[in-house]
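The values are calculated or read from the model by the stated rules, or taken from the named source; none is laboratory data. Note that this is a predicted model, so its numbers are computed, not measured. Using ideal geometry, Cβ is built from the backbone for each residue, glycine included, and neighbour counts are taken over all protein chains shown. Surface areas here come from the heavy atoms of the whole protein model, side chains and all, with no ligands, DNA or RNA. Shrake-Rupley method; radii C 1.70, N 1.55, O 1.52, S 1.80 Å.
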Amino acid sequence: PAGSSLPNAREGKSYNFTLKGSGGVLPYKWSITPALPNGLLLNTSTGAITGKPASGTSDGPGIYSLTITLQDSALPANQSTNKPVTLTVNNP
């Protein structure tokens with residue numbers, strides 16, 4: 001994964017961003033820890049993060065420290081690439 005931050009999101013507004021990987025053997029498997037803010041979902045096959053950050057929840061606006069993990073299909077489960085990133089969710 002490239003970059004150290006994901007594009008900013010806005011609480012209650014549609015968000016759509018697809019993670020990119022290179023090299024290795026397709027298909028890739030993506031994961032993010034800890035979980036994305038409420039309302040956002042990760043497609044583990046495509047790397048697409050979509051949804052609307054939920055308003056009025058405990059994990060609304062703020063800066064989230066996340067780790068993106070990319071696993072290619074040729075590597076054993078215990079070998080992967082990790083990238084720390086931040087996601088900023090702004091007020092509506």
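One table, with the values for the structure above:
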| read-out | value |
| --- | --- |
| Filtered residues of region 32-54 (kept if hydroxyl-bearing (Ser, Thr, Tyr) and farther than 13 Å from TYR15 by Cβ) | THR33, THR44, SER45, THR46 |
| Strands (runs of 3 or more DSSP E) wholly inside the chain containing at least 1 residues that are free of Cβ contacts under 8 Å to residues at least 40 places away in the same chain and open to solvent by 70 Å² or more (accessible area, probe 1.4 Å) | 15-18, 28-33, 40-42, 62-72, 81-90 |
| Residue list for region 4-62, filter: closer than 27 Å to SER73 by Cα and of a type in the set (S, T, N, Q) | SER4, SER5, ASN16, THR18, SER22, SER31, THR33, ASN43, THR44, SER45, THR46, THR50 |
